[in-house]
Every structure is written in C-alpha cells, then in structure tokens.
1. Could you tell me whether region B:148-155 includes any residue that is over 30 Å from the mean Cα position of the chain (by Cα) and touching a residue at least 40 places away in the same chain (Cβ under 8 Å)?
2. Hey, can you tell me all the residues within region B:449-487 that are within 16 Å of ligand 2 (Cβ to nearest atom) and touching a residue at least 40 places away in the same chain (Cβ under 8 Å)?
3. Looking at region B:464-500, which of the residues that are outside any helix (DSSP H, G or I) and within 16 Å of ligand 1 (Cβ to nearest atom) is most open to solvent (accessible area, probe 1.4 Å)?
4. Would you say residue B:21 is open to solvent by 80 Å² or more (accessible area, probe 1.4 Å) and more than 24 Å from residue B:360 (Cα to Cα)?
5. Report yes if residue B:562 is open to solvent by less than 90 Å² (accessible area, probe 1.4 Å) and either away from ligand 1 (no atom under 16 Å from the Cβ) or in the same structural domain as residue B:390 (by TED's automatic domain parsing) (or both), otherwise no.
6. Of the residues B:196, B:180, B:189, only one is near ligand 1 (Cβ under 10 Å from one of its atoms), in the same structural domain as residue B:253 (by TED's automatic domain parsing) and in contact with a Cys (Cβ under 8 Å, 6 or more places away or on another chain); which?
7. How many residues does region B:111-123 hold that are within 7 Å of chain A (Cβ to nearest Cβ), open to solvent by less than 10 Å² (accessible area, probe 1.4 Å) and assigned to a loop (DSSP other than H, G, I, E, B)?
Amino acid sequence: MKKPDFEKIKERQEKLSSGWVRVGMSTCGIAAGADRIYGFLGEHLKKNRLDINLRKCGCLGACYAEPLVEVEVEGMPRVLYGNVNEEMALRIIKEHIIGGRILDSGVYHLRTSEPLK
Amino acid sequence: MSGIKAVFIADTGVKGPSRTEDFYAAFLSRVRERNLQDSVQLVRTEFSGIYDKGIFLRIWPGGVMYRDVPESRIDEIIERTIISGEVIEELRYTEKPKSLRVVLRNCGKIDPECIEEYIAAGGYGALNRILKDMSPEEVIEELKVSGLRGRGGGGFPTWMKWNFTRQAQGKEKFIICNADEGDPGAYMDRSILEGDPHSVIEGMITGGYASGAQNGYLYIRAEYPIAIERVRKAINQAYEYGLLGDDILGSGFSFHLGIRLGAGAFVCGEETALTASIEGKRGTPRPRPPYPSLRGLWDEPTIINNVETLANIPPIMERGGKWFSEIGTEKSAGTKVFALTGKVRRSGLIEVPMGTTLREIVYEIGGGLETGMELKAVQTGGPSGGVIPADHLDTPVDYEHLQDLGSIMGSGGMIVMDSSDCMIDVARFYLRFCVDESCGKCPPCRIGGYQLLMILNHIAKGSGTPEHIEKINEISNIMAKASLCGLGQTAPNPVFSTLKYFTEEYLEHINDKKCRSGKCSGLLSYRIDPDKCTRCSICFKKCPVNAVKGSREEGFTISSDECIKCGECFRVCRFDAVKVR
Ligand SMILES: Cc1cc2nc3c(=O)[nH]c(=O)nc-3n(C[C@H](O)[C@H](O)[C@H](O)COP(=O)(O)O)c2cc1C
Ligand code: SF4
C-alpha cells in the first residue's frame, strides 16, 4: 500500500515557493501564445543562470489579457503581467527579477476573494 | 533589492480619457522631491473588478487601497501611508470583490500537472479524512446540508443523486463525470479540467466512496486535447500516490478511473445518450425513467455529474456543508462559474456567489459594455436558455429567478448583447445549432425544429407573415412537451424568450420588413445617393457580383435584383453616398 505523506509534501512545496514565475497555460493562454512565452522565459532564465521556479498554471479568467505571467520575487509584491510578448518577457527577467523594479506597463490586478485561504 | 515599496495606480473611470498618466507624473515628482524614487516604485496598473472609483491606489506592503484620490492628497499619502505605514481611513476602499473563487480556487494558482502542488494547496486532505473518519452516509448527509445542486444545467440536488445510487441494487456501480461541454461559447468545464484536474478527480473518488461505485469515467469531448492530456497525467499521478486503485490510503476502499472520449455530438452530453456512447452504441437518448442513478451505464446504477459539480465537492468536504450553504441564496447554494462574453469590456471566466445580480456581473465585474452602446439583453443558458432584457438586470442569478424569466442557468454561458444585436438573428443562431445537433430520433424535435427554423428564416428574409407568430407558439409548445430529451424540449426557448420580450422586433421584421440592428441582411437594401456620389467608381470596381451599374459619365445605380447585400459598396465609399435601409 502506497500512502503519500501530506505534511512532508506541503513542507517541500513551501520551500519551493519563495520565488517563481507562472505562465497561464490553458487553451485560452496557449491560443494567445503562452507556450512560446513559456519556452522563451525558460531559455532566458537559464541563460541568466537564475534560480527561480518556472511553472505552468491554469486560467485566471482574464481572457482579454492573455498571455498572463505572474511573478513572485522575495521582498517584492506579487505582480501579474498581461498581454506578455517576448520583449516584455525579456524585460520581466532583466528589470523585475534581476533589477528588482516592476515594469511600468502591462500590470494587471484581478480582484477576487478566496474563502479557502 | 529587499524592502521596496510599491504604489499601484489606476484610473478606474470608464468614461473619458484616462487620467492615470497625469496622476502618475504628479506622484512621481513628489516622490522625487523626497528622493525616494529608488525605494518607492510607482506602477501603472489595470484593475479588474473596480470601476468608477476615480484614481485608485493600492499600496504595498500592506495592500491598503484608496479610492477617488485627488492629486491634492499625494503628499499626505506619501508621508502618512508610505513612510509611516498609517491608513487614511476616509480614502480607504474596503468593498469586497463581487467575484468569489470556490470552484476556481486553484485555477491559475497551481501547476495542474503537478499533484504535489494540489496537495500543498490542501488537496486530497478532505478525502484522506473522509476515508478515515466518515461513513458513506455521513458524506451524503454533509452534501445534503451543503445544498449543492448540479451545475450541468438541471440543478438537481447532488446528494439525492448520490443517495439514489447508494441505495440502488446492482452488480456494480459507476460514477461518470460529464465533460462533454457543447454549448456554443461555454468553456467553464474545460478551464476547470485544464487548471485543476485533481479537484474533479477527488470529487469523483468521494462520490464513489459515498455511493459504492468502484469505477468511474471522465467523458471528455475529443476537441479538448489539452484537458484530456492534463486529466490523463493527473490520473496517473493519483495512481502513483495510491489515491486511486485498490485499498486507497489503506482504507480498504478501491476506486478506478478512466477516460472516454466524446466525438463532439452535442446530444451526447445528455445523460442517457452519454452512457450509450460509452457502451459503444450510437449516442442517442432513451426515455427516462429509469434514471441513470438507478439504471445507467451497462444498466447498472450510475451517478452522472457535471465537471463543476464535482469540483465543488472537495471544498465542501474540507470546510463542511454548512459553510457552503451560507454562500449564495437559500435555494441555490454556492457559486457559479460563467463564461462572460459578447459586448462586455472584460470578457472571461468569472465565478460569483449565486444570487449576484446580472447588473453586478456585467458592470462591476465585466466593466460594462465595450462599445459604449446601450445594453439590450443578456443571454444565459446557451441553446437551451433565453434572453433577459435590460429592464430585468437586477434579477439575482439563481436557478429559480432565471427560470421565472424564461431562461435557465444552463451550464454557464453568458453573452452580453447591445443594440447592434438582432434578437431574431440570436434566436435563429441557437435554433440552427439545435437543428444541426438533433439526433433525429423523435419527430417533435427532428421535424418541429426544422419547421421552426424555416419560419425564422422567412422572418429574417422579409417573407414572414403575422400567422408565423402563431405557428411559432404552436410548434414550440409541441416540441417542449413531446420531445424525448432535453435538446428538443428546450430548443424553442431562445425563440420563445426573444418573442416574449422583443415582440416588437419580430413585428417590425414581418410588417415593416425592417431589422433595426441591420443584422438581417435579407432585409437590407443599398442605394446610391446621386447628390453625394462623385462618380469615383470605386464601388463599381469593388462589387463582387457586378451589381453596380452605370458609368462615370452617366452615374451609378445598384441593381437590387443582383445585389447580394454584402455591404462592400457601403464600406468602400468615402463620400457617404451609399445608403442602407
Ligand atoms: C442536449 C443536452 C446536452 C447536455 N450537455 C451537457 C454537458 O455538456 N455537460 C453537462 O455536464 N451536462 C450536460 N447536459 C445535462 C446532463 O444530461 C446531466 O443533467 C448533467 O450532466 C447532470 O450533472 P449535474 O447533476 O452535476 O448537473 C446536457 C443535457 C442535454 C439534454
Ligand atoms: S429531442 Fe431531439 S435530440 Fe433528443 S432524442 Fe428527440 S430528436 Fe434526438
């Protein structure tokens, strides 16, 4: 019998979550080019030797602003970028992740409440 | 890099030019005066879900929000809030967002291809506890307290379905997730499967435990390749972790899950057609009763639930039925996911508590109409639903209210329409869909639907007669009463409801041969105004069927017999000389 240790998994995941970049990769995002942005970000994060987690995620609901990229870096607010193209993706890496400055355009804030948190 | 502060700035007004730039510039100069530009970042933002609150600020850290901020208070905000961390109460915005994510709680937050992220977000925790501490009866009781009703359209209490199957006798039992989502414009279920497949799987295992089903299928339409791939991965991971298979988490309970693909026939979303399709038979409905909960797949007791229904199960089991029942309205508990589309500024996937009004959805979440035109109606329920006219916008969205207005909740399509949308055209669109998708098994739907469509075609073409209105009512009534399955029973709804609320528009088409929205091309005629025409001849050259006659010397006219009403002449004329009627 297999049995996952729920507590251990939670701990391990928490350690992973200090810094990450998420790309919305549902059909709506992919149709808008999210898979290209995902590949592009992966390539350039590696080039810059950045130790940051690149992840996929589902749809945040803001179909008008796909592709969506969310960035969490320690010491900075979590920021959601919309309509991300390759130029913006590069700026996200250079200015936001490396430089610690939020881009001055393309930032979205979606208001929802989540009763489970 | 650590310890930065940020101010997110947006103009939430929806009319006139944005004032964000001016405010941003003013704020920046005040920040520079204090030499804070390295530690305080100003960010121009688009806020979604906040409109008409003037210049809006969100300040990090802390996340305090200010509304209707005048430039005169910038200094105060910098001194008190940014530097000293104080909140300025009279500017503060505290309203709760209208949207509430229960079903979509993980969508966009976790990696759907990674079971660890689901577990870290609390996933499978409820299942773990259920298998340890709860009897199947207790699970069903919890569900009863929650008040959850089916999200696939019918709104049947989920606990009753589960209980019927639990009490039914059978060699074996099944649970099926209906992911055939075929309504035009709807993609809620696809997004749930793509964004959080494990929550649906956890819901299914819970249903299996509660009802005694040991096998489950996800019936997914083949047009959803990404959803299928993610569900497949999720099932494999769940097997690896011992959450599917024999003796789950050492409880003695065994449950197996597989995927079956639907070939894209809308009628296969109907539960008896769906089970026939899984059995390898032709996907056509059969009379009910017996209902699938007693005799479904392979004639055995079978629960059939919609994707969204199942995704609601884990949070209910985690937080308790009472918590869930307090969201939404008394008879319609919980939330509903909608695909908000059409002429709305912010289209997309939204989730709101039941009982939220259409006005709140369209204006406070969707940001109003993109076109600046007047809202005419909101369509809900897709081809089985109807339109709700603008003067009923304050209707709370729940099962009962929508039904009272002649529409239905349906699976969650919501299309916002403005005055450029013709109601006859809308009705015709949905009816044609149902006629195309009718399986042809029963005459009321097969023949009635076609006849109804022919009548609408006449009306749209200008050959409608007043008697047609009577005929519409007669045929619709027969279809609603005598059709075998929901497809035929509800197919007249879009016609019924547009006729009910927009009778005038029908009569205009019939008597005046006029379509006020200019959508019914059969009713249009094009004419060249000789006073405005400069004889440039561009329409003469561009008309694809050479219906523009004449020459630069004599002038031009349009032959209405040959004109196919494509509108090309109207579009190319630079002198406003082509007139449409
Ligand atoms: C023509 C037709 C199409 C349907 N399509 C779907 C569908 O795509 N998805 C769905 O969940 N239910 C669909 N339904 C409703 C199902 O028959 C069934 O009521 C539903 O899956 C039950 O799940 P629930 O109780 O969780 O809502 C359809 C019904 C009809 C008559
Ligand atoms: S109502 Fe239409 S789709 Fe349903 S069984 Fe009859 S013919 Fe087929």
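1. No.
2. B:449, B:452, B:482, B:483, B:484, B:485, B:486, B:487
3. Filtering first and then ranking leaves B:484.
4. Here the answer is yes, as residue B:21 does meet what is asked.
5. Yes.
6. After applying the criteria, what remains is B:180.
7. Within region B:111-123, residues that are within 7 Å of chain A (Cβ to nearest Cβ), open to solvent by less than 10 Å² (accessible area, probe 1.4 Å) and assigned to a loop (DSSP other than H, G, I, E, B) number 1.
Residue-wise test of (1) farther than 21 Å from residue B:107 by Cα; (2) among the polar types (S, T, N, Q); (3) open to solvent by less than 60 Å² (accessible area, probe 1.4 Å); (4) within 11 Å of chain B (Cβ to nearest Cβ).
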site	(1), (2), (3), (4)
A:33	no, no, yes, no
A:98	yes, no, no, yes
A:102	yes, no, yes, yes
A:112	no, yes, yes, yes
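The values are calculated or read from the model by the stated rules, or taken from the named source; none is laboratory data. Being a predicted model, the structure only gives us computed values, none of them experimental. For neighbour counting, all protein chains shown are included, and Cβ atoms are generated from backbone atoms with ideal geometry for every residue, glycine included. Side chains are part of the model used for accessible areas, which takes the heavy atoms of the whole protein and leaves out ligands, DNA and RNA. Shrake-Rupley method; radii C 1.70, N 1.55, O 1.52, S 1.80 Å.
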